[in-house]
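Written out below as C-alpha cells is the structure these notes cover.
Just so it is clear, none of the values below were taken in a lab; they were calculated from the coordinates. A quick note: this is a predicted structure, and the numbers were derived from the prediction, not measured. With ideal geometry, Cβ positions are generated from the backbone for all residues, glycine too; neighbour counts draw on all protein chains shown.
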Amino acid sequence: MPVVIVENDTSQWEDETGSVYHFPKRYRPWLSTGAEVIYYKGRIKDKAFAPTRLSGEPHYFGMARIGKVYADQSSEKGDLFALIENFTPFERAVPSKTGDEYLETIPKSRLKNYWRDGVRPISQADYDRILSHATLLPAQVEPDVPDIQDDPLTFISANEGSKTSYFGTRYERRKDLRVKAIAIHGLDCKACGFNFEQAYGDHAKAFIHVHHVVPISDFGGQKAVNPETDLVTLCANCHAVVHRKRDMTLSLDELKSILRGRWVKNP
Ligand SMILES: [Zn+2]
Ligand SMILES: [Zn+2]
C-alpha cells in the first residue's frame, strides 16, 4: 500500500529529505521496505523556509521508496529510521487539493484529525491521482566521484600482499551517506564507545565522524556504497588514528586491538 509521509520544515525528527525518514513506531506497519511513498509538506509556518519549499500551501513535492528500516539506537521509545531510496523530486508543487477536493481520500471516521498524522497510508488510486499532477525531475543522482588521483584525501595502502588499495574520505563527506550511516550505526564510536553528547552535552549532540571501511579499488568503478557494511561511525580521535599514516589505513579490528583505554563513563 502506498504511503504519504509528512516532512515539516522544523521538527524534532531527524529527517533528511530523500535520504532518511525518522518516525515513531506506531507508523511501522506502513513503512516497510519497498513501500512507495509520496512526500508532503503542510502549510508554511515560518516564512524563513519559503526559499526551501515549492509552495507555501500544503503540497506534495516528491516520490521515493522505503529502503531498509533500522531501530533508532538512541531512542527509548522505539523510534525508527527508514532509509529512503530513489527519491525523485517534483518540478512544481502538487497542491493537496484541486478546487474543493483533496487528492487524498479522507475516511469518514477521520474527518476531524486526518491531517494530524505524519504517515498516511493511501489507496493505489489516490497515489496514481497525485502522481498524475506531478512532473518528475530526474531521480536524485549521487554526485560524481572524482578521480582517485585528484583526491587529496585518498590514502594509498599497499600492505595487502602486492595489491594496492585506496582508502578515501570522499564517501565520508557525502551528506546522504553520512545521514544513512548515522541512522544505521548510531552516534557511539564503534571502536571506543565514545559519545559526543555524553561527553560534551547538548552542544555536541548528534556529532560523530563517518568512516569508510572498504578500499575504493575493490569497488571496480561505480558500485554503490552500502552504508550498513561499508561505513562505520567513529569518534574524531579514533578516526584520526585510522588515517594517521598515509600508506596504511587501519581496519576497525586493528584500531580496536591497539586501543588502550576507553574514555567514557558508562561504555
Ligand atoms: Zn573512538
Ligand atoms: Zn575515514
> Asn86 versus Lys205, label points 7 Å from Cα toward the beta carbon: distance in nm?
Replying inline: 3.6 nm
> Whose amide H sits under 5 Å from the amide H of Leu234, counting only residues 5 or more places off or on another chain, with H placed in the peptide plane?
Replying inline: Lys190, His209, Val210, His211
> Under 16 Å Cα-Cα from Lys77, which lysines qualify once same-chain neighbours fewer than 8 residues away are excluded?
Replying inline: Lys25
>> Taking a cut-off of 19 Å, what percent of all Cα-Cα pairs in segment 3-132 are separated by more than that?
In response: 48 percent
>> On a full-extension model of 0.36 nm per residue, what is the gain between Ser257 and Ala236, subtracting their alpha-carbon distance, rounded to one decimal in nm?
In response: 5.8 nm
> Can you list the residues, at least 5 places off or on another chain, whose amide H is less than 5 Å from the amide H of Val20, using H built in the peptide plane?
Replying inline: Ile84
> Taking segment 56-98, which trypsin sites (Lys or Arg not before Pro) meet the DSSP loop condition and have no more than 16 other C-beta atoms within 10 Å?
Replying inline: Lys77
